[in-house]
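Just so it is clear, none of the values below were taken in a lab; they were calculated from the coordinates. These numbers were taken from a predicted model, which means no experiment stands behind them. Cβ coordinates were reconstructed from backbone atoms using ideal geometry, including for glycine residues, and neighbour counts include every protein chain displayed.
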Amino acid sequence: MTVTPLAAHAADRPAPAFRGRIGRDARSGHYAVPGRYRLHLSTACPGGLRIAVAHSLLGLDTVCPATHLPAVPDCPEGGHSVLRPLYEASAHRYPGPAIAPVLSDDWSGRIVSTHAPDIMRDLDRRFGGDRPSLYPCGAESEVEAVERMCAQGIEQAAQRAGSAGGAPVERDRALGMLLETMGALERRLEGRTYLIRGEITAADVELWVALVQLDTVHRNHLDASAVQRIAGHPALWAYARRLAAPPAFGGHLDLDGIERRHHARCQGLEAAGAAVQILDWATHAAR
């Protein structure tokens, strides 16, 4: 197993430590067998929330059970002590934090992957069965484009826009990138229920989680004017509100856990935008 050193745990999408994949047959080593693999997730974490939503959409509760972890890791370096045995069994003297999400192999007691996009793709392709694919044939490039937009144009841009240590010109540039990305997605959603082909795909999972993070985490470090401009995308927020209703999405929304995780890890300053909530997520999820 190749191990890649982890970046500082402050990043929302740190470099993955393990990149194993589930293959089609026994020649691949890790091959698809119902009940063999287990997910270890915290839905307060964006990667864990994405996987949990995909897992529910695919109906894999018994095929690949999920163990849910506390919102706030219990180790000072940002890892979960319960995952430490898996990490140490998978890499001798593993030096980094035992972070989630993790896809583990119950047969060997080792980690297959900690890379959320790979985990989602393998769950869909190896265990999805007769359900509609979250990665439809021929739409992979579209899904990947949305993944990049969410990671770079929403999450990273919002983080830079609210950075207390950034120069004003850099924060303004990041806010401009965020608003430009949201504008492009707003136009894409005009007259549509979902982003691609009129059906739920992994692109919708990516965007919905990015919008959750934007409203519950990143806006805390933006001024009220910036949050008002972010809120000025009615199609995007109506879409986020609509997706919060089905249990596969809203049922995994741990608002208290997201808040506690954010406050435990965040070193930034709270800004006026913290008081300008865009959606009442709890109400929409309850519906």
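Which far-off residues, 5 or more places away or on another chain, put their amide H under 5 Å from the one on Y31, with H placed in the peptide plane?
Amide H to amide H, under 5 Å and 5 or more residues apart or across chains, Y31 pairs with G23.
Listed highest first by mean packing, meaning other Cβ atoms within 10 Å per residue, what order do 59-67, 136-144 come in?
Per-residue mean Cβ counts within 10 Å order the peptides as 59-67, 136-144.
State, as an integer percentage, the relative contact order of the chain based on alpha-carbon contacts under 8 Å between residues 6 or more apart.
Details: 447 pairs, mean separation 55.2, N = 287.
So the answer I get is 19 percent.
Please compute the contact order of region 126-188 in relative form: average sequence separation of alpha-carbon pairs under 8 Å and at least six residues apart, divided by the residue count, as a percent.
That works out to 27 percent.
What number comes out for the charge environment of Q277, summing +1 per Lys or Arg and -1 per Asp or Glu over other residues with Cβ under 14 Å away?
Surrounding charge for Q277 is -2.
Can you give the calculated 222 nm mean residue ellipticity of the chain, where each DSSP H run of n ≥ 4 adds -39,500 (n - 2.57) and the sum is split over every residue, rounded to the nearest 500 deg cm²/dmol?
It lands at -12500 deg cm²/dmol.
5 Å is the cut-off here: which amide hydrogens, built 1.01 Å from N in the peptide plane, fall below it relative to I99, excluding neighbours closer than 5 in sequence?
Placed amide hydrogens put H80 under 5 Å from I99.
Just to confirm a number: summing +1 for Lys and Arg and -1 for Asp and Glu over residues other than L179 whose beta-carbon lies under 12 angstrom from that of L179, what do you get?
Details: positive: R173, R229; negative: D172, E180, E186.
That sum, taken over residues with Cβ under 12 Å, equals -1.
Relative contact order (percent) for region 129-265, with alpha-carbon contacts under 8 angstrom and 6 or more residues of separation?
Numbers: 111 pairs, mean separation 37.5, N = 137.
Relative contact order, region 129-265: 27 percent.
Check which residues have an amide H placed less than 5 Å from S42's amide H, if you skip close sequence neighbours.
For S42, whose amide H was placed from the backbone, the distant partners under 5 Å are G48, L69.
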